[in-house]
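Data first, discussion second: the structure below is written as structure tokens.
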Amino acid sequence: MVGFWPQSKENERLTNVEYSIAGCVSGIFARALCQPFDVLKIRFQLQLEPIRKQHAHGKYFGIFQAANTIIKEEGWKSLWKGHMPAQGLSLTYGLIQFLSYELLTEKAFHIIPEEWNDSVQSRIFVSFFCGALSGTLANTVALPFDVIRTRLVAQGEPKIFRNSRHAAKMMFRNEGFASFYRGLTPALLQIAPYSGLVFSFYELSQTFWNKFIFDHVSNSTNDVTKAIVCGGTAGVAAKSLLYPLDVLKKRLQVVGFEQARTSFGRTFHYSGFLHCIISTVVQEGYAGLYKGFLPSILKAAAANACGFFFYEQTCNLFRSLRKSNDNSTVKREDENN
């Protein structure tokens, strides 16, 4: 169970430290498993040429072709390019998002009328509102990791940045502190509804699961299967609705980094969010706003499935350890008596 629900037993609640650790574990494992999808997605998003095999000037035109090209030119490790700042992003984001979501849902259910507590609609509304706030907070804190990660992934050979530290140093020297928050506007416009939709779709999927599927799944695998299926479904649904904002965010994050992009085809320079939207649609059509959609959807499904699974399992582990310690304490007290 993710978030606070009035029906939860008191002993099911964990400490803030335990929720933070669970959020970190979730972010780390989800990122490690899903980073190649992110690399492919970013390469597609930053390519101005159409992503079609018939287009002679485009470097990438399919998932398998893109992966094969990247491995041939840059080595298989390049599918994990930018992994260290991406881990910093995921660790920070996972910690803040899940912890703040737990705290916000608890506050929300203490505010809303008690008769609404059992309503599915109120749970979905609370999930969306608290998810949007927690995602906004997490994204604002973690965005510098995202910008550095994007630039490391975006560069080809020869490399402009050697590693994350070098990237941060050069960005600060050449572009100032503001460079770490490039793409902040589309990032916040995207992440608030996206995070809200992920948590509300997760809650809705779990409600559907408990009502129609629970009895048809083995008890030993029900929690695991539910977290994976509901998490993946939530990720796909939310990403599908808001994907164009992700493309715009990534393009704004590499503004000022054109010299590392010349080997990938035409480069671009945008003066701001609106200019980015207009230029993308005029030059590439509305399809330009959906470049990299397939790897992004695959990544959203895998990342959210892994994220919710590892978060729930880590929380369950803490509850099991607490129960085991409580039982040991009771046993010792009985022996002493």
Qualifying residues in the stretch 43-77 (those that are surrounded by fewer than 19 Cβ atoms within 10 Å (Cβ to Cβ) and small (Gly, Ala, Ser)) - the one modelled with the highest pLDDT: GLY75
Unique residue being under 14 Å from the mean Cα position of the chain (by Cα), β-branched (Val, Ile, Thr), farther than 28 Å from TYR60 by Cα and surrounded by 15 or more Cβ atoms within 10 Å (Cβ to Cβ) when the list is VAL198, VAL126: VAL198
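Would you tally the residues in the stretch 67-101 being free of Cβ contacts under 8 Å to residues at least 40 places away in the same chain, of a type in the set (Gly, Ala, Ser) and either closer than 20 Å to LEU294 by Cβ or not in a helix (DSSP H, G or I) (or both)?
Residues flagged as free of Cβ contacts under 8 Å to residues at least 40 places away in the same chain, of a type in the set (Gly, Ala, Ser) and either closer than 20 Å to LEU294 by Cβ or not in a helix (DSSP H, G or I) (or both) within the stretch 67-101 amount to 3.
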Out of LEU143, LEU95, LEU137, LEU133, sole residue that is closer than 15 Å to TYR19 by Cα and out of contact with any Pro (no Cβ under 9 Å at 6 or more places or on another chain): LEU95
Counted residues, the stretch 78-97 - those being at pLDDT below 85 and hydroxyl-bearing (Ser, Thr, Tyr): 1
Verdict on ALA192 being modelled with pLDDT under 85, in a helix (DSSP H, G or I) and more than 30 Å from GLY75 (Cα to Cα): no
Selected residue [outside any helix (DSSP H, G or I), acidic (Asp, Glu) and either touching a helix residue (DSSP H, G or I) at 6+ places or on another chain (Cβ under 9 Å) or more than 24 Å from ALA30 (Cβ to Cβ) (or both)] from ASP146, ASP118: ASP118
Members of the stretch 138-190 that are surrounded by 15 or more Cβ atoms within 10 Å (Cβ to Cβ), more than 23 Å from the chain's Cα centre (by Cα) and under 20 Å from ARG43 (Cα atoms): GLY156, ILE160, PHE161
Restricting the stretch 1-42 to residues that are surrounded by 23 or more Cβ atoms within 10 Å (Cβ to Cβ) and among the small types (Gly, Ala, Ser), the residue that is farthest from the chain's Cα centre (by Cα): GLY3
Tally of residues being part of a helix (DSSP H, G or I) and either surrounded by 19 or more Cβ atoms within 10 Å (Cβ to Cβ) or modelled with pLDDT of 85 or more (or both) across the stretch 253-283: 12
Those residues of the stretch 312-333 which are within 39 Å of the chain's Cα centre (by Cα), among the hydrophobic types (A, V, I, L, M, F, W, C) and at pLDDT below 90, in sequence order: LEU321
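The values are calculated or read from the model by the stated rules, or taken from the named source; none is laboratory data. Being a predicted model, the structure only gives us computed values, none of them experimental. Note: ideal-geometry Cβ built from the backbone for every residue, glycine included; neighbour counts use all protein chains shown.
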